Amino acid sequence: MQKRKREKVKVTQSSRAKLNLFLDILHKRDDGFHEVETIIVPISLADNLIFRLTDKSQVKIFCTSDTLQESENIIYKIACFLKNTYNVKHGVEIKLKKNIPFAAGLGGGSSNAAVTIQVLNSIWKLDLSMADIHKTVSLFGSDINFFLENSTALLKGRGEIVHEIFPSPHIENILLINPGIEIASRNAYSWLVIDEPHEKMRSAMITGLNNNDVEAICKNLHNGLEQGVFAHYPILQKIKAKLLELGAMGSLMSGSGATVFGIFPSREKLLNAKKYFKKYKYWLFETKIEQKAN
């Protein structure tokens, strides 16, 4: 009787992008980071990751983007950290198909990191608690903790403290636009002009989320990094203004940019805006916020 070859464990997982609906920068901290309050939602745009357990004691990353190979990739860093910290004998091969633009304010790397630690915790049988996972990822980035929750949330600290979770609103007809600019977060924060906290807007945004009130959400969109980034990249301010001119109910730069999004009242208006921006050869993507995260 022929011996059956042992099947290798294989896990396929999507890794969703995010939008910041609200971002206030309160002050610079003693550790060099900034104290923030931000409301983030997961959207339907996603990368795809495939994890395959191997008998070789190696971590291998295969990525569709040349800029994210091996040592520069946050998922490689997290996988190596876990392997060394918990003395894992098995190796892993991770294939990453990038759909989320790099350095675009959409949290692609952080989302990949959150998925990676959760899948490796399972296939490497590490038995880490969610508290352990939250503590570990906070070493690697500010908004990875948000992606562990995969739900609309208010984050504080430098963005690593999940302060409150809200029901995700149901918003369709969102157009993402990126003119092909990559902005490092550290640069966006170095251009920052700190303003007074927008407490009323934050409160109104939270009320809008709790009531699934799209109009209130659109009215209270805010990003404290916009002023500094727009001064360096006026094209982003022009994109935002044009989205509003073309009928968007609200528009905002997400995170540290350079992606700008517009929320439209109808698919017809979204398609009209998409047609306008297509001639500039920008990266465009139609997305939505779903009430229940997958």
*Could you tell me whether segment 246-260 includes any residue that is assigned to a helix (DSSP H, G or I) and surrounded by fewer than 21 Cβ atoms within 10 Å (Cβ to Cβ)?*
no
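Results for (1) more than 30 Å from T12 (Cα to Cα); (2) among the acidic types (D, E); (3) surrounded by 13 or more Cβ atoms within 10 Å (Cβ to Cβ); (4) assigned by TED's automatic domain parsing to the domain that holds H34, shown as yes or no for each residue.
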residue: S185; (1), (2), (3), (4): no, no, yes, no
residue: E199; (1), (2), (3), (4): yes, yes, no, no
residue: L221; (1), (2), (3), (4): yes, no, yes, no
residue: L236; (1), (2), (3), (4): yes, no, yes, no
residue: I263; (1), (2), (3), (4): yes, no, yes, no
residue: Y280; (1), (2), (3), (4): yes, no, no, no
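Inside segment 127-137, can you point out the residues that are surrounded by fewer than 17 Cβ atoms within 10 Å (Cβ to Cβ) and either in contact with a helix residue (DSSP H, G or I) (Cβ under 8 Å, 6 or more places away or on another chain) or under 25 Å from C218 (Cα atoms) (or both)? Write out each step before concluding.
Initially, segment 127-137 is screened for residues surrounded by fewer than 17 Cβ atoms within 10 Å (Cβ to Cβ), giving 127, 129-132, 135.
Residues satisfying the conditions are D127, M130.
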_Condition met for K98 (in contact (Cβ under 8 Å) with a residue 60 or more places away in the chain, surrounded by fewer than 23 Cβ atoms within 10 Å (Cβ to Cβ) and of a type in the set (D, E, K, R))_ = no
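So which of E160, E72 is closer than 27 Å to A258 by Cβ, under 14 Å from the mean Cα position of the chain (by Cα) and of a type in the set (D, E)?
Working: E72 fails: under 14 Å from the mean Cα position of the chain (by Cα).
None of the other options fit; the residue is E160.
Among the residues of segment 27-69 satisfying the criterion of being among the small types (G, A, S) and touching a residue at least 40 places away in the same chain (Cβ under 8 Å), which is surrounded by the fewest Cβ atoms within 10 Å (Cβ to Cβ)? Before the answer, list the steps.
Initially, segment 27-69 is screened for residues among the small types (G, A, S), giving 32, 44, 46, 57, 65.
Now restrict to residues that are touching a residue at least 40 places away in the same chain (Cβ under 8 Å): 44, 46.
Values: S44: 16, A46: 20.
The selected residue is S44.
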*Any chance I161 is surrounded by fewer than 22 Cβ atoms within 10 Å (Cβ to Cβ) and free of Cβ contacts under 8 Å to residues at least 24 places away in the same chain*: yes
*From the residues in segment 164-183 that are among the acidic types (D, E) and within 24 Å of G262 (Cβ to Cβ), which one is surrounded by the fewest Cβ atoms within 10 Å (Cβ to Cβ)?*
E182
*Lone qualifier among G250, G255 - being within 21 Å of L155 (Cβ to Cβ) and touching a Cys at 6+ places or on another chain (Cβ under 6 Å)*: G250
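Any residue in segment 213-235 that is in contact (Cβ under 8 Å) with a residue 60 or more places away in the chain, more than 21 Å from the chain's Cα centre (by Cα) and closer than 21 Å to H170 by Cβ? Can you show your working first?
Applying the first criterion (in contact (Cβ under 8 Å) with a residue 60 or more places away in the chain) to segment 213-235 yields 217, 220-225.
If we keep only those that are more than 21 Å from the chain's Cα centre (by Cα) as well, we get none.
Checking segment 213-235: not a single residue is in contact (Cβ under 8 Å) with a residue 60 or more places away in the chain, more than 21 Å from the chain's Cα centre (by Cα) and closer than 21 Å to H170 by Cβ.
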*Quick one: how many residues across segment 197-236 are of a type outside the set (D, E) and assigned to a helix (DSSP H, G or I)?*
25
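May I ask you to say which residue of S129, S122, S151, S138 is without any contact (Cβ under 8 Å) to a residue 24 or more places away in the chain, polar (S, T, N, Q) and closer than 27 Å to E290 by Cβ?
Going through S129, S122, S151, S138 in turn, the sole match is S138.
So is K89 modelled with pLDDT under 95 and out of contact with any Gly (no Cβ under 6 Å at 6 or more places or on another chain) or not?
Working: modelled with pLDDT under 95: yes; out of contact with any Gly (no Cβ under 6 Å at 6 or more places or on another chain): yes.
Criteria met by K89.
The values are calculated or read from the model by the stated rules, or taken from the named source; none is laboratory data. Keep in mind that this is a model prediction, so the values were computed, not measured. Because the Cβ atoms are built from the backbone with ideal geometry, glycine has one as well, and the counts that use them run over all protein chains shown.
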